[in-house]
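The values are calculated or read from the model by the stated rules, or taken from the named source; none is laboratory data. All of these numbers come straight from a predicted model, not from anything done at the bench. All Cβ positions, even for glycine, are placed from backbone atoms using ideal geometry, and neighbour counts span all protein chains on display. Note: accessible area is taken over every heavy atom of the protein model, side chains too, but ligands, DNA and RNA are not part of it. Shrake-Rupley method; radii C 1.70, N 1.55, O 1.52, S 1.80 Å.
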Amino acid sequence: MESDEFRRLGHDLIDRIAALYDSLSERPVTPGESPSDVRGALGLDASLPEVGCAPGPLLERVTRDLIDHSLFNGHPRFFGYITAGPAPIGILGDLLASAVNPNLGSFLLSPAGTEIEAQTVRWIAELIGFPADGGLLVSGGNMANLVGLLAARAAKADWDVRAEGVDGGRRMTVYASAETHTWIQKATDLAGLGTRAIRWIGTDQNQRMDMVALRERIDADRAAGHLPLMVVGTGGSVSTGAVDPLPEIAELCRELDLWFHVDGAYGGFATASPDAPVELRGLALADSVAVDPHKWLYAPLEAGCVLVREANTLTDAFSYHPPYYHFGESALNYVDCGPQNSRGFRALKVWLALRQAGRRGYADMITEDMALSRALTRACQAHAELASYTQGLSISTFRYVPVDLAARVGEPAVEEYLDDLNRAVQAELERGGRAFVSNAVIDGRYVLRACIVNFRTTRSDVEALPNIVASTGRSIDAAMRMERPS
Ligand SMILES: *Cc1c(COP(=O)(O)O)cnc(C)c1O
């Protein structure tokens, strides 16, 4: 591609992207199409083209196709899962990072990039109040948590686990609440511990880890000759935003010499807000912390970050020195600090956004998201057809309950019906594009769940949601009762 064409196509593309964001709130959140609809519309069943084509019409067509057939997690009425819209400066940052294209495996190959990533890591640590001595950016929360586990594994095994593997010594066990995100299963599997190494600890009525059960389980494993390795404290659970008693977990880990890892993938950045739950600040006591800039820092996907209290715990877990690498010992070489070899410049988008917004900008945006969630919960409580369940950080849970069934909540047949009804409401919202919510299961009940990690969501979006859910619930309830009058 010649320079003139590159310039022209780039300008056109930026214009189209700007127009998309100008019109975002008037568009559906999602087209709600089936996989075959999407393949048909975009011609995705075709085989590899034998000959190429001109890039201009190609980019124009693909931009239009993507805009017409995508779900927008940046839409002000996207409330599903925990997936944030991209900060505009992050979009531009990714473009710039690709243009320079440094390889952040080593300082030699990315002098400015490596030092910018190091500052990004320090700033993230400062923002959440964690005394980090090292860390690095990874693809997301799953990888950040996996890196934490691998650092713990190397630090706490009393044999050379990297050379001998996990069967070179005692059975290693890890402790996590029943509300822990599913990363723990992939991580124990990948680290060779196996998912049976996970000791799922029960939770209290607020979905927080039961400390008595935790201590009992560690004691029992010690008595059985196992090696209790690490306790995971969740700082903002994925279902309800629950925060484990992090200071108490820290104390127990110190007493019993276990690694303390905090999964703050969702909630870690809430420590920047004065409204954060006090216990969340206990993440400062951890050995390692995972946070997700692609959630509450609004970085475009992907950007996760793992922080460690002692930088050598990463090199002790990951470093090798093959004869064909001459990166030197004096500079920071990220290849020695994590699982990746070649690494992209994902730090740039995060660093730019931190500079643009500053600590106060993020504190304000995160505080606002949490305030909107509380306002949503109040609106659900005030609505005659909605029952409100939990509110934590920026997650609200609630369900649709037809007025004539409200007095019969708890009867097994009614509960079963309400589960089916709310599942159907969620499915209809996923297709309809007016607003998007996901779900949680709380005390066995299927409830709807709205999470706000979105700088575009306003009070009017939040106030519209209860009526969108209730009107959807009403029409589905009527249809379901026709099908099963009993
Ligand atoms: C999102 C999330 C994860 C997984 O993070 P990814 O970025 O999706 O890999 C893990 N734990 C918690 C608490 C999360 O919210």
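Looking only at the stretch 361-388, which residues are in contact with a strand residue (DSSP E or B) (Cβ under 9 Å, 6 or more places away or on another chain) and not in a helix (DSSP H, G or I)?
Result: His383, Glu385, Leu386, Ala387, Ser388.
Exactly one condition in (1) crowded, with 24+ Cβ neighbours inside 10 Å; (2) free of Cβ contacts under 8 Å to residues at least 12 places away in the same chain is not met by Ala299; state its number.
With respect to (1) crowded, with 24+ Cβ neighbours inside 10 Å; (2) free of Cβ contacts under 8 Å to residues at least 12 places away in the same chain, Ala299 is out only on (2).
Among (1) more than 30 Å from Thr397 (Cα to Cα); (2) within 16 Å of the ligand (Cβ to nearest atom), where does Leu348 come up short?
(2)
Output the residues belonging to the stretch 67-106 that are of a type in the set (Gly, Ala, Ser), open to solvent by 20 Å² or more (accessible area, probe 1.4 Å) and assigned to a loop (DSSP other than H, G, I, E, B). Steps first, please.
If we filter the stretch 67-106 for residues that are of a type in the set (Gly, Ala, Ser), which is where we start, we get 70, 74, 80, 84-85, 87, 90, 93, 97-99, 105-106.
Subset that is open to solvent by 20 Å² or more (accessible area, probe 1.4 Å): 70, 98-99.
Across the stretch 67-106, the qualifying residue is only Ser70.
Just checking, does the stretch 309-317 include any residue being on the phi > 0 side of the Ramachandran plot and either out of contact with any strand residue (DSSP E or B) (no Cβ under 8 Å at 6 or more places or on another chain) or part of a loop (DSSP other than H, G, I, E, B) (or both)?
So the first thing to find is which residues in the stretch 309-317 are on the phi > 0 side of the Ramachandran plot, and the list is none.
No.
What residue, of Gly328, Gly344, Gly358, is at positive phi, assigned to a loop (DSSP other than H, G, I, E, B) and out of contact with any Lys or Arg (no Cβ under 8 Å at 6 or more places or on another chain)? Give the derivation first.
Values: Gly344 fails: at positive phi; Gly358 fails: assigned to a loop (DSSP other than H, G, I, E, B).
Just a single option satisfies the conditions, and that option is Gly328.
Test each condition in (1) open to solvent by 60 Å² or more (accessible area, probe 1.4 Å); (2) free of Cβ contacts under 8 Å to residues at least 40 places away in the same chain; (3) not hydroxyl-bearing (Ser, Thr, Tyr) for Leu418 and report the one that comes out false.
(1)
Restricting attention to the stretch 221-242, report how many residues are touching a residue at least 12 places away in the same chain (Cβ under 8 Å) and either aliphatic (A, V, I, L, M) or within 16 Å of the ligand (Cβ to nearest atom) (or both).
Residues in the stretch 221-242 being touching a residue at least 12 places away in the same chain (Cβ under 8 Å) and either aliphatic (A, V, I, L, M) or within 16 Å of the ligand (Cβ to nearest atom) (or both): 15 in total.
Any idea which residue in the stretch 328-348 is nearest to Ala311 (Cα to Cα), counting only those that are more than 20 Å from the chain's Cα centre (by Cα) and of a type in the set (D, E, K, R)?
Taking the candidates together, the pick is Asp336.
For the stretch 466-483, check the following and say yes or no: at least one residue is open to solvent by 50 Å² or more (accessible area, probe 1.4 Å), in contact (Cβ under 8 Å) with a residue 60 or more places away in the chain and not in a helix (DSSP H, G or I).
no
Looking at (1) under 20 Å from Ala265 (Cα atoms); (2) open to solvent by 10 Å² or more (accessible area, probe 1.4 Å); (3) free of Cβ contacts under 8 Å to residues at least 60 places away in the same chain, find the lone condition where Arg378 falls short.
Arg378 satisfies all of (1) under 20 Å from Ala265 (Cα atoms); (2) open to solvent by 10 Å² or more (accessible area, probe 1.4 Å); (3) free of Cβ contacts under 8 Å to residues at least 60 places away in the same chain except (1).
Taking the stretch 7-59 only, how many residues are among the charged types (D, E, K, R) and closer than 18 Å to Gly432 by Cα?
So in the stretch 7-59, the residues among the charged types (D, E, K, R) come out as 7-8, 12, 15-16, 22, 26-27, 33, 37, 39, 45, 50.
Add one more test, that the residue is closer than 18 Å to Gly432 by Cα, and what stays is 26-27, 33, 37.
Final tally of qualifying residues: 4.
When you scan the stretch 137-156, do you find a residue that is surrounded by 24 or more Cβ atoms within 10 Å (Cβ to Cβ), outside any helix (DSSP H, G or I) and in contact with a strand residue (DSSP E or B) (Cβ under 9 Å, 6 or more places away or on another chain), even just one?
Within the stretch 137-156 (the criterion being surrounded by 24 or more Cβ atoms within 10 Å (Cβ to Cβ), outside any helix (DSSP H, G or I) and in contact with a strand residue (DSSP E or B) (Cβ under 9 Å, 6 or more places away or on another chain)), the answer is yes, since at least one residue qualifies.
Taking the conditions exactly as written (away from the ligand (no atom under 15 Å from the Cβ), open to solvent by less than 40 Å² (accessible area, probe 1.4 Å) and more than 18 Å from Arg360 (Cβ to Cβ)), does Ala311 satisfy them or not? Spell out the reasoning first.
Values: away from the ligand (no atom under 15 Å from the Cβ): yes; open to solvent by less than 40 Å² (accessible area, probe 1.4 Å): yes; more than 18 Å from Arg360 (Cβ to Cβ): yes.
Yes.
In the stretch 276-302, what count of residues is obtained for those that are assigned to a loop (DSSP other than H, G, I, E, B) and either among the small types (Gly, Ala, Ser) or under 22 Å from Asn206 (Cα atoms) (or both)? Spell out how you get there, then give the answer.
Narrowing the stretch 276-302 to residues assigned to a loop (DSSP other than H, G, I, E, B): 276-277, 286-287, 292, 297-302.
Narrowing further to those that are either among the small types (Gly, Ala, Ser) or under 22 Å from Asn206 (Cα atoms) (or both): 276-277, 286, 299.
Counting residues in the stretch 276-302 that are assigned to a loop (DSSP other than H, G, I, E, B) and either among the small types (Gly, Ala, Ser) or under 22 Å from Asn206 (Cα atoms) (or both) gives 4.
Residues of the stretch 312-329 being in contact with a Leu (Cβ under 9 Å, 6 or more places away or on another chain) and either under 22 Å from Val262 (Cα atoms) or not hydrophobic (A, V, I, L, M, F, W, C) (or both), which ones? Lay out the reasoning, then the answer.
Step one: filter the stretch 312-329 for residues in contact with a Leu (Cβ under 9 Å, 6 or more places away or on another chain), giving 314, 317-318, 326-328.
Residues satisfying the conditions are Leu314, Ala317, Phe318, His326, Gly328.
Cβ-Cβ under 6 Å, sequence separation 6+ or interchain: first residue in the stretch 258-275 and closer than 17 Å to Glu179 by Cβ, partner of a type in the set (D, E, K, R) and open to solvent by 10 Å² or more (accessible area, probe 1.4 Å). Which pairs?
Tyr266/Lys295
Inspect all residues belonging to the stretch 395-410 and state whether any of them is among the hydroxyl-bearing types (Ser, Thr, Tyr), open to solvent by 30 Å² or more (accessible area, probe 1.4 Å) and under 30 Å from Ser23 (Cα atoms). Steps first, please.
Step one: list which residues in the stretch 395-410 are among the hydroxyl-bearing types (Ser, Thr, Tyr), which gives 396-397, 400.
From what is left, the residues that are open to solvent by 30 Å² or more (accessible area, probe 1.4 Å) are none.
Within the stretch 395-410 (the criterion being among the hydroxyl-bearing types (Ser, Thr, Tyr), open to solvent by 30 Å² or more (accessible area, probe 1.4 Å) and under 30 Å from Ser23 (Cα atoms)), the answer is no, since none of the residues qualifies.
Count, please, the residues in the stretch 160-184 that happen to be open to solvent by less than 10 Å² (accessible area, probe 1.4 Å) and either in a strand (DSSP E or B) or free of Cβ contacts under 8 Å to residues at least 12 places away in the same chain (or both).
So the answer is 7.
Please go through the stretch 114-162 and give me each residue that is within 16 Å of the ligand (Cβ to nearest atom), touching a Gly at 6+ places or on another chain (Cβ under 8 Å) and either closer than 17 Å to Ala331 by Cβ or acidic (Asp, Glu) (or both), ordered by number.
Leu136
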